[in-house]
1. Which FRET efficiency value, to the nearest 0.05, is calculated for Val21 and Phe58 with the Förster distance at 22 angstrom and r the Cβ-Cβ distance?
2. Where nothing but the Cβ of Lys and Arg (+1) and of Asp and Glu (-1) is charged, how large is the charge dipole of the chain around its Cα centre, in debye to the nearest 20?
3. Only bridges whose two residues both fall in the chain count here: according to DSSP, what percent of them are antiparallel, nearest 5?
4. Helix-derived [θ] at 222 nm for the chain: sum -39500 (n - 2.57) over DSSP H runs of at least 4, divide by residue count, nearest 500?
5. Roughly how many percent of the accessible protein surface of the chain is carbon and sulfur, given a 1.4 Å probe and a whole-percent answer?
6. Sticking with the crude label model, points 7 Å out along Cα→Cβ, report the distance from Asp141 to Glu126 in nm, one decimal please.
7. Among the aspartates and glutamates, which have Cα under 19 Å from the Cα of Lys117 when same-chain residues fewer than 8 positions away are ignored?
8. Taking every pair of Cα atoms in the range 24-180, average 1/r, invert it to obtain the Kirkwood radius, and report Rg/Rh to two decimals.
Amino acid sequence: MIGQLTGRVIDKSPPYFTLAVSGIGFIVQSPLSIFDRIAENEEITIYTKCLFKEEEAFIYGFLQHEQLEMFNTLISVPGLGPKSALNLLSRFKPAEITQAIDNESVEVLCAVPKIGKKLASKIILELKGKIILTGKPTAFDQAVNALCSLGLTRAEATIRLKDLPANLGLEELVKRALRS
């Protein structure tokens with residue numbers, strides 16, 4: 001698999017651009033939101049997801065790791081393909097998508113082409129409370145996961161942890177949450 005590419009942008013034709021890496025031109029599909037931030041002949045690094053469909057390989061590229069994480073999360077929803085995930089990331093930042101899901105804002109998700117009410121509801125059902133977009137998990141996120149592995153629901157774990165000081169380490173957070 002290809003996890004990251006660094007090279008020179010040699011052609012832009014949204015939603016695709018061609019990235020020259022060591023003499024090889026990779027055609028990369030990306031959210032429309034990045035095309036204003038890249039220029040031809042510019043050297044860039046992108047985080048990638050490579051998917052295979054029948055006889056073709058597709059490379060999806062993102063300037064931020066957070067976008068790649070959201071893309072992977074979105075395509076895990078049955079019925080939501082890479083094109084719809086890119087449409088969401090073209091319109092919204094990952095944090096905005098997370099907020100729409102957590103707030104159960106079906107109408108916000110439906111504002112994106114090819115996302116109807118049924119699919120938006122499915123996205124919310126599948127992903128609500130499950131998205132962590134930090135790149136590197138915080139002690140709080142790790143504590144939530146640890147408590148969930150001990151049998152608590154994500155909601156119960158969050159409730160137990162929310163009033164604890166933010167500067168505590170993972171072990172202390174888990175100990176105090178279990179005592180409460």
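The values are calculated or read from the model by the stated rules, or taken from the named source; none is laboratory data. Quick caveat: nothing in here was measured; it's all calculated off a predicted structure. FYI the Cβ positions are ideal-geometry reconstructions off the backbone, even for glycines, and counts take in every protein chain you see. The accessibility values were calculated without ligands, DNA or RNA, using every heavy atom of the protein model including side chains. Shrake-Rupley method; radii C 1.70, N 1.55, O 1.52, S 1.80 Å.
1. 0.85
2. My answer is approximately 540 debye.
3. 90
4. Calculated at 222 nm, the ellipticity per residue is -12000 deg cm²/dmol.
5. The C+S portion of the solvent-accessible surface of the chain is 52 percent.
6. Reported label-point gap for Asp141 and Glu126 is 2.0 nm.
7. Straight-distance partners of Lys117: Glu96, Asp102, Glu104, Glu107, Glu126.
8. Rg/Rh for the range 24-180 comes to 1.04.
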